[in-house]
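The values are calculated or read from the model by the stated rules, or taken from the named source; none is laboratory data. Worth saying up front: this structure is predicted, and the values here are computed from it rather than measured. Every residue, glycine among them, receives a Cβ derived from its backbone with ideal geometry; neighbour counts consider all protein chains shown.
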Amino acid sequence: MTVVPIYLLSGFLGSGKTTLLTSMVEQAQAAGLTPAILMNELGEVNLDGQLVSREVAMAEVLGGCICCSMRGDLSLELNGLLQKYSPDLVIVESTGAAHPLESIDAITETSMYKETKLLHIITVVDSEHMLARSKNAKDKTYRLMQEQIRCATKILLNKCDRLFPEQIVELQQLVRELNAYAEIITTSYAKLEDWSWLVQPSIDEDNNIGSVERAQAEVQEKRSHEDTQAGVHEERSHEDTHDHAHHHDHEDDHNHGHRAHHAHVMAYTHYWQAPPHSEQFEAWLAKLPANIYRAKGIVTFRDIPSRFLFQFAYRESDFMRIEPQGEVHDVAVFIGEHFDSEWLKAELARLESSND
């Protein structure tokens, strides 16, 4: 029996998951393997997929995270990938707002119908952001980051080039307290030296480095202990509940906007009606409120004749010239916590109508 290994990429928004994903695809192909990808986006458009070669089989689950009502969609898409392309391995990149246990449940359902095994849960950590969030233990985003680390079988402490040596040690200790079993690797730009776990995986139950089941048990045990200490009477945030609502406010076609709330994390998708000016847009991104911590999209500027994929995370932006695959709209997706989407909509309209 040939078992197809599945790798789940977890980690909060802007941590570097997509950078790692592209490297995984390249390494697999260099080893003569055929990878397939399942991407999940909190917004309505798969923008990260534009960075992956069109030769790679890909499916997508959009408009929410892989959990609850989205779980069936993921299982269907994953089954479809396996049936249509017969890949040697599948990489699932979950949105940064997804709780990893929900993703694990969704992926492992597939093994009921196909010969698959969730071999590794790889959590990518934005090291600088993690340290900053750790100063407030009640921060909901920090609690989600903790859960993503606890579920991991391999942890990449990414962007360590931005930290002092003593900060790296502090972060390593913090992460090890959360997860006593996973391999911890410090990286910059999500670059790895050892890829043997991907190109020569061991799928034997007794020798599985992943120990996914143990990771799940560890999370549940820690959760029970923390709930006992806290009394479990407070309202649970997204990472602790299975009955949260996916609330979608559909605007009319004229407005071309869409909001999706996911507990404390929300996304706003904007379809450009007119091209903004490049310098104005970049300057505007740099002044976004702190509770909008991630933005990405495809944009055409009125002063530059190319289309660009833009990425914005934690006060930094990046623009890459692209030739989109297929019919792709100019769009911008903003992700954050309880931001004013009406203000955001008005600001984007102002950029579109500016005469400068």
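Structure notes:
- Between ALA274, ALA295, the distinction of being at pLDDT 85 or above, more than 12 Å from VAL333 (Cβ to Cβ) and outside any helix (DSSP H, G or I) belongs to ALA274 only.
- Listed here are the helices (runs of 4 or more DSSP H) enclosed by segment 121-207 that have at least 1 residues being within 22 Å of ALA97 (Cα to Cα): 127-133, 140-150, 165-178.
- Out of PHE339, PHE334, PHE301, PHE310, sole residue that is in contact with a Gly (Cβ under 7 Å, 6 or more places away or on another chain), modelled with pLDDT of 85 or more and either more than 26 Å from SER15 (Cα to Cα) or not assigned by TED's automatic domain parsing to the domain that holds TYR189 (or both): PHE310
- Residue within segment 13-32 that is modelled with pLDDT of 75 or more, over 24 Å from HIS99 (Cβ atoms), in a loop (DSSP other than H, G, I, E, B) and out of contact with any His (no Cβ under 9 Å at 6 or more places or on another chain) present: yes
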